[in-house]
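The next block holds one structure in the form of structure tokens; read it before the comments.
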Amino acid sequence: MDGPFVQTAPLMSYSARADSPIAFLDRDGVLNLGKAGYVNRPEEVELLSGAAQTVASLRKQGYLICVVTNQSPIARGLWGPERLELLHATVQEHLLEEHPDAHIDAFLTCPHRYEDRCSCRKPSPAMLHLGHHLLRGDASLVPSFSPALCPVDTPQVNWWGAKPIPPHPLDLMVGDRTSDMGAGWAYGARLFRVSKTIGLSQVHQRLLRDEDPGDEFQP
Ligand SMILES: [Mg+2]
Ligand SMILES: [Zn+2]
């Protein structure tokens, strides 16, 4: 199966943003409530309190926003890319209902299961590298929703070595799981771990402080 899936904002302008930091955000447990057995229908999308406000504040501070999410129900055959597109359109809609500036620049999704041994599932940093290339490079040829291949130049991860230097010193990753922190670490991002019942707003103030180095990675 191809992947990860790429969904970008329709009016996204790629130019003049090469200098912007990127906030990589996990979806379930960060933007919206996760559900046992996955979020399967648009009606099940329930934003976590304050998430829209935090996205808007990050944007105001100059961040691009890239959601990176593992959604194995696709490989499990529960539903397909059309449903994924609808779910993410719903997340975006709800965010904008709560705050007019809560725009997501790109949703990147690994559709695989652990046993598929793909290269994109977190804790692989591949989706973060793809987001970096999409949002900072010339991605004008990428259609708004497509299966994309992981960029070939995703560096090999040395989990026992030093944390890599990120493309931008302020790049950050927010997640509720160790796999999110692992992906962020392997990319070199500042790491912010949140509780899945509170989500993004838990670290609102910290994210806006450039001098906050983020959390230590604890595998
Ligand atoms: Mg999560
Ligand atoms: Zn994958």
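The values are calculated or read from the model by the stated rules, or taken from the named source; none is laboratory data. Every value quoted in this text rests on a predicted model; they were computed, and no experiment measured them. So basically every Cβ, Gly included, is an ideal-geometry build from the backbone, and we count neighbours across all protein chains shown.
Structure values in brief
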quantity	calculated
Any hit, the stretch 35-57, residues being away from ligand 1 (no atom under 16 Å from the Cβ), assigned to a strand (DSSP E or B) and closer than 22 Å to Ala189 by Cβ	no
Counted residues, the stretch 3-17 - those being at pLDDT 75 or above and not β-branched (Val, Ile, Thr)	4
Residue list for the stretch 50-92, restricted to those being surrounded by fewer than 16 Cβ atoms within 10 Å (Cβ to Cβ) and closer than 30 Å to Tyr114 by Cα	Arg76, Gly77, Leu78, Gly80, Glu82, Leu86, Ala89
Every residue from the stretch 20-32 that is near ligand 1 (Cβ under 10 Å from one of its atoms) and assigned to a loop (DSSP other than H, G, I, E, B)	Asp26, Arg27, Gly29, Val30, Leu31
Scope the stretch 58-82; condition under 15 Å from Gly34 (Cβ atoms), in contact with a Lys or Arg (Cβ under 6 Å, 6 or more places away or on another chain) and not in a strand (DSSP E or B); matching residues	Ser72
The stretch 167-216, subset closer than 18 Å to Ala102 by Cβ, part of a helix (DSSP H, G or I) and more than 13 Å from the chain's Cα centre (by Cα), residue farthest from ligand 1 (Cβ to nearest atom)	Gln205
Residue satisfying all of: in the stretch 21-36; buried (at least 22 other Cβ atoms within 10 Å of the Cβ) and among the hydrophobic types (A, V, I, L, M, F, W, C); nearest to ligand 2 (Cβ to nearest atom) among these	Phe24
Inter-residue pairs, beta-carbon under 9 Å, first at pLDDT below 95 and in the stretch 20-34, second not hydrophobic (A, V, I, L, M, F, W, C), 6+ apart	Ser20/Gly62; Ser20/Tyr63; Ser20/Arg136; Ser20/His168
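Listed here are the residues, each with its yes/no results for (1) at pLDDT 95 or above; (2) over 23 Å from Arg59 (Cα atoms).
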site	(1), (2)
Pro81	no, yes
Glu85	no, no
Glu97	yes, no
Tyr114	no, yes
